[in-house]
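**Student:** One structure coming up, written as structure tokens, with questions to follow.
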Amino acid sequence: MAATFRAPGRVNLIGEHTDYSGGLVLPVAIQLGITLTCEPADEIELESPGTAQGWERYVEAVADELAALGRKPVGIAGTIESDLPQGAGLGSSGALEVVVALALCSAAEFEVEPLELALACQRAERRAVGVPSGILDQAASLLGREGSALLLDCGTLDHRWVPLPEDVAILVLDSGERHAHEGSGYADRRRELEAGDPRRVRHVETENERVRETVAALDRGDVAALGPIFAASHASLRDDYEVSTPTLDALVAAALEAGAFAARMTGGGFGGSIVALAEPNRAERVLTRTRAQGWLVRSSAGATRRRTDSTRGRA
Ligand code: GLA
């Protein structure tokens, strides 16, 4: 019996490079994501037409992490499809890990609590590509809710959902610069932070405070307050954490110039995307005037088993 699983990508509203030191993040799961349709099989046999090279490493790493948790080695055979751009800073590897993890758990009737699963997927990321990333992407993909951002304390894993205003458009604009955190400065930054570099530490402390300010502004419906907070976040990522690029800086400026009221780089940096907020009637203008590949994103539910095709294989 074939089953379909879907894991969304995410855009992080604010709380960048704070997850791996136990700080605060505020991601939104989005409508773009990865779908896996499969049935139980002896081995793991997946195809993924159109997905970037190297995706198999993530599948193997997820299977290994779940085996370490006690999952029986039931295989799956099926196809992975994605409408989530890769390398754009939208959490594509996290979504891949999550969708595979859900399918593998389901095939083996192995139940794992969502945050436990997010942690297993985070370990899989490190196992697959050696990147010491945090739990942001996997938690967002698993715990997302339509209409809300997820406020997650990455230290305690306490979380709550923060309702998003309906009259704000969330835009993601891709710089076109491709980041691969393997070989980029991501691991360097983490090391520098852990070694106590004052500027890296200052970024994290001020960024955690900006997450609190953002949540407070959203709770009181004061979206105008988000412009200066996003600007300070971008400046801190550029100057203190040094993960922005001139292209990302220029794209933030272009989005504001085109009518967005808040904009900052999002994700790991070194390329990838920016997130911009605009009044809905200005969203189209921001997308066209910045001339970047862009998406109007909608908040979406977290990863799920979508539907079961019980007719397949029957007479
Ligand atoms: C990447 C990582 C996340 C997080 C962000 C920066 O997306 O996968 O864990 O560290 O960078 O906020």
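The values are calculated or read from the model by the stated rules, or taken from the named source; none is laboratory data. Given the structure is predicted, the values throughout are model-derived calculations rather than measurements. As a convention, Cβ positions derive from the backbone with ideal geometry for all residues, glycine included, and neighbour counts pool all protein chains shown.
**Student:** Quick check, is D64 of a type in the set (D, E) and in contact (Cβ under 8 Å) with a residue 60 or more places away in the chain? Reasoning before the result, please.
**Tutor:** On the way: of a type in the set (D, E): yes; in contact (Cβ under 8 Å) with a residue 60 or more places away in the chain: yes.
Answer is yes for this residue.
**Student:** On to the next question. Of everything in the range 162-176 that's part of a strand (DSSP E or B) and more than 16 Å from the chain's Cα centre (by Cα), which residue is nearest to V11 (Cα to Cα)? Even if it seems obvious, please write down each step before you answer.
**Tutor:** As a first pass, look at the range 162-176 and keep what is part of a strand (DSSP E or B): 162-163, 169-174.
From what is left, the residues that are more than 16 Å from the chain's Cα centre (by Cα) are 162-163, 169.
Working: V162: 14, P163: 15, A169: 13 Å.
Selected residue: A169.
**Student:** Please verify whether E205 is more than 29 Å from G294 (Cα to Cα) and either in contact with a helix residue (DSSP H, G or I) (Cβ under 6 Å, 6 or more places away or on another chain) or in contact (Cβ under 8 Å) with a residue 12 or more places away in the chain (or both), treating the condition exactly as stated. Working first, answer last.
**Tutor:** On the way: more than 29 Å from G294 (Cα to Cα): yes; either in contact with a helix residue (DSSP H, G or I) (Cβ under 6 Å, 6 or more places away or on another chain) or in contact (Cβ under 8 Å) with a residue 12 or more places away in the chain (or both): no.
No.
**Student:** Which of the residues belonging to the range 236-287 are within 25 Å of P132 (Cβ to Cβ) and hydrophobic (A, V, I, L, M, F, W, C)?
**Tutor:** Answer for the range 236-287, where residues must be within 25 Å of P132 (Cβ to Cβ) and hydrophobic (A, V, I, L, M, F, W, C): L237, V243, L248, M265, F270, I274, V275.
**Student:** While we're looking at this one, here's another question. Of the numbered conditions (1) surrounded by fewer than 24 Cβ atoms within 10 Å (Cβ to Cβ); (2) modelled with pLDDT of 95 or more, R291 satisfies every one except a single condition; which is it?
**Tutor:** Only one criterion in (1) surrounded by fewer than 24 Cβ atoms within 10 Å (Cβ to Cβ); (2) modelled with pLDDT of 95 or more is unmet by R291, namely (2).
**Student:** Still on this structure: Just the residues that are surrounded by 24 or more Cβ atoms within 10 Å (Cβ to Cβ) and away from the ligand (no atom under 12 Å from the Cβ), please, taken from the range 97-119. Can you show your working first?
**Tutor:** The initial filter retains those residues of the range 97-119 that are surrounded by 24 or more Cβ atoms within 10 Å (Cβ to Cβ), namely 97-104, 117-118.
Correct list: V98, V99, V100, A101, L102, A103, L104, L117.
**Student:** Quick check on my filter: what residues within the range 176-197 are modelled with pLDDT of 95 or more and buried (at least 21 other Cβ atoms within 10 Å of the Cβ)?
**Tutor:** R189 - this is the single residue of the range 176-197 that is modelled with pLDDT of 95 or more and buried (at least 21 other Cβ atoms within 10 Å of the Cβ).
**Student:** Could you give me the residue pairs with C-beta distances under 8 Å whose first residue belongs to the range 134-151 and is within 8 Å of the ligand (Cβ to nearest atom), whose second residue is assigned to a strand (DSSP E or B) and not β-branched (V, I, T) wherever it lies, and which are 6+ apart or on separate chains?
**Tutor:** Close Cβ pairs (under 8 Å, with a partner that is assigned to a strand (DSSP E or B) and not β-branched (V, I, T)) amount to I135/L152; L136/R10; L136/N12; L136/P27; L136/L152; D137/R10; D137/P27.
**Student:** Of the residues that sit in the range 255-285 and are of a type in the set (A, V, I, L, M, F, W, C) and touching a Lys or Arg at 6+ places or on another chain (Cβ under 7 Å), which one is farthest from V11 (Cα to Cα)? Talk me through it step by step, then tell me what you get.
**Tutor:** Within the range 255-285, the subset of a type in the set (A, V, I, L, M, F, W, C) is 255-256, 258, 260-263, 265, 270, 274-278, 283.
In the following step, the residues that additionally are touching a Lys or Arg at 6+ places or on another chain (Cβ under 7 Å) were identified as 258, 274-275.
Numbers: A258: 21, I274: 9, V275: 7 Å.
For the range 255-285, the residue satisfying everything is A258.
**Student:** When the range 1-19 is examined, which residues are found to be farther than 21 Å from D158 by Cα, buried (at least 24 other Cβ atoms within 10 Å of the Cβ) and among the aliphatic types (A, V, I, L, M)?
**Tutor:** A7
**Student:** Here's a follow-up. Considering only residues of the range 79-96 that are among the polar types (S, T, N, Q) and within 12 Å of the ligand (Cβ to nearest atom), which is farthest from V59 (Cα to Cα)? Even if it seems obvious, please write down each step before you answer.
**Tutor:** Initially, the range 79-96 is screened for residues among the polar types (S, T, N, Q), giving 79, 82, 86, 92-93.
From what's left, within 12 Å of the ligand (Cβ to nearest atom): 92-93.
Details: S92: 13, S93: 10 Å.
Per the criteria, the residue is S92.
**Student:** Taking the range 225-271 only, how many residues are small (G, A, S), more than 20 Å from the chain's Cα centre (by Cα) and closer than 16 Å to R210 by Cβ?
**Tutor:** In the first step, residues of the range 225-271 are kept if they are small (G, A, S); the result is 225, 227, 231-233, 235-236, 244, 250, 253-255, 258-260, 262-263, 267-269, 271.
Of the ones still in play, those that are also more than 20 Å from the chain's Cα centre (by Cα) are 225, 227, 231-232, 235-236, 250, 253-255, 258-260.
Right, trim to closer than 16 Å to R210 by Cβ and you get 225, 227, 231-232, 235-236.
Residues flagged as small (G, A, S), more than 20 Å from the chain's Cα centre (by Cα) and closer than 16 Å to R210 by Cβ within the range 225-271 amount to 6.
**Student:** Now, a different point. Determine, yes or no, whether V211 is out of contact with any helix residue (DSSP H, G or I) (no Cβ under 6 Å at 6 or more places or on another chain) and either closer than 30 Å to P114 by Cα or within 16 Å of the ligand (Cβ to nearest atom) (or both). Talk me through it step by step, then tell me what you get.
**Tutor:** Values: out of contact with any helix residue (DSSP H, G or I) (no Cβ under 6 Å at 6 or more places or on another chain): yes; either closer than 30 Å to P114 by Cα or within 16 Å of the ligand (Cβ to nearest atom) (or both): yes.
Yes, satisfied.
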